[in-house]
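Report on the following structure.
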Amino acid sequence: MKIIFIILFSLTIGLCSCKKKDAAVAPVTTATVPTDTKGSLSGTISPATAVSNITLQLFTATGAGTIYSTTADAQGNFNFAALLQGNYVLTLTATSGYVSVNQPVTIVGGQNTALGDVSLRQMPGSISGMISPAGAATSVSLMSTSGGSTYYATPTGTGSFLFSFVAPGTYTLNFTAALGYVAPVSPAITVATAQNTDAGTLVFKAAAPGSISGSVSPAGSVAYVQAVYIGSATLRYTVVPDASGNFKINNVTPGSYYVTAASNAVNNLYAPYSRRIAVTEGQDISVGTIGLTTTPPPYPFSCTVDGTDGYSTLPGASYSPSKQTISVSTTVNGNLVTVYAGDVTGPGNYTCNSTTSSFITYTVPPKISQIPEDNNRPYTIWSTKAGGNGSITITSIDVVNKTVSGSFSGSLGPSSSNATNMKTITKGAIVNVQYQ
């Protein structure tokens with residue numbers, strides 16, 4: 001009996017040993033990352049030759065991580081595949097003449113992050129030059145011939161000027177000549193990447209003087225005629241008309257002037273308001289006949305705003321036959337009034353509303369004491385805004401004496417939250433306003 005038990009026990013132990021051996025050699029499954037937790041990144045470099053190396057570095061909560069690297073094909077296309085989702089920094093190492101790019105990107109699992117076109121900027125250049133004689137130009141501007149940026153510089157006391165960080169391209173140099181000088185023809189300048197272009201010495205010539213002539217009527221009614229340079233009251237010319245009322249001011253430095261006639265106190269006549277003229281190099285500018293009257297002259301610009309009368313004695317005006325526009329602008333009772341007629345073919349009526357090119361505006365400047373500060377901004381109300389309308393009548397355009405006359409009126413609507421009220425302009429008058 002004992003022998004039988006021992007045999008059965010041994011068989012049992014053997015069977016158990018066999019089962020354990022089978023379990024030990026069974027295959028083990030290895031955990032893998034699902035493909036939908038990986039993302040990708042793609043883009044196109046422009047220009048394709050602007051990059052020498054492309055890297056992508058993962059950044060985690062503990063700092064910088066894995067760095068991936070790739071190259072672009074001949075068309076500038078690049079791609080990073082099988083990226084763990086997270087935040088990265090894409091670095092495009094530029095070739096000579098271009099500016100490298102460091103751009104943060106976020107990779108989302110199961111998605112491609114398409115950057116599209118990644119443009120690299122060319123390294124800027126610069127332009128330098130010299131104004132001769134020093135002081136002959138008050139400012140220099142650099143204007144792109146392709147309609148891009150415009151840069152500005154002020155010459156130093158020695159006449160030198162410099163434009164830094166200029167985008168490569170073709171430009172023209174333009175000058176604002178100082179009083180008494182004539183600027184040279186604007187040269188074309190090409191700016192190369194990472195290089196300075198020397199414009200050389202720009203020579204300004206002394207402006208040949210012009211003259212101002214005219215007459216006063218009646219003869220003997222004026223004590224003197226004076227031309228005052230606009231921008232510097234210290235530059236002025238004075239002449240006494242002859243017995244026939246004729247006058248001429250010689251050796252006038254080219255520029256813009258106000259011409260005024262001073263009435264003799266004994267004749268009780270009124271001289272008209274000042275006329276604005278532009279004296280050009282070597283030319284005689286006629287102001288025509290300055291007529292004195294027995295009654296005060298009308299204001300060159302006047303209007304009534306919401307029942308309050310206002311006027312200006314020195315309005316500014318411009319007339320462009322090629323663009324068919326007339327603009328008259330001046331300050332009335334502290335606010336700027338602008339009358340603009342578009343599509344001008346001559347004297348006539350011009351409607352001002354949202355469908356026309358003509359308009360009337362009324363601009364209120366900021367009031368420093370006004371609170372809160374958000375309401376301290378200037379604002380403009382228009383005849384072309386909601387509820388607005390107006391009319392401009394041009395009665396005459398004198399191309400000989402360069403004057404324009406007419407009338408205007410309108411209801412002006414607000415264009416911003418600062419402007420909450422309508423303005424009504426009536427009795428607007430423009431009387432022989434000199435235009436440029």
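Nothing in this text is a laboratory measurement; each read-out follows from the coordinates by a stated rule. Computed from a predicted structure; not experimentally measured. Neighbour counts run over all protein chains shown; Cβ positions are idealised from the backbone, glycine included.
Things worth noting here:
- Taking each residue as 0.36 nm, the span from Lys205 to Ser217 lengthens on full extension beyond its C-alpha to C-alpha distance by 0.5 nm.
- Ranking of Ile67, Ile326 by count of other Cβ atoms within 10 Å, fewest first: Ile67, Ile326
- Potential extension, Thr234-Thr37 segment - 0.36 nm per residue separation minus Cα distance: 63.0 nm
- Backbone N under 13 Å from the Asn268 label point (7 Å along Cα→Cβ), restricted to the stretch 279-295: 294-295
- Computed over the chain, Cα set: Rg, Dmax in Å: 39.7, 167
- DSSP beta bridges fully contained in the chain are about 90 percent antiparallel.
- By the beta-carbon count within 10 Å of each Cβ, the least crowded to most crowded order of Arg275, Arg121, fewest first, is Arg121, Arg275.
- Shown for the stretch 301-434: lysine pairs separated by 8 or more places, or found on different chains, whose C-alpha atoms are under 24 Å apart, numbering 7.
- Percentage relative contact order, the chain, counting C-alpha pairs under 8 Å, at least six apart: 8 percent
- Inter-centroid distance (Cα atoms) of the stretch 47-99 relative to the stretch 149-218, Å: 45 Å
- Cα long-axis angle, helix 2-24 against the chain (0 to 90 degrees, to the nearest 10): 20 degrees
- Among 263-272, 132-141, sorting by the average number of other beta carbon atoms lying within 10 angstrom of each residue, highest first, gives 132-141, 263-272.
- When only Cα pairs below 8 angstrom with a gap of at least 6 residues are kept, the stretch 128-266 shows a relative contact order of 21 percent.
- Cβ-Cβ FRET estimate between Phe165 and Gln324, R0 fixed at 45 Å, reported to 0.05: 0.70
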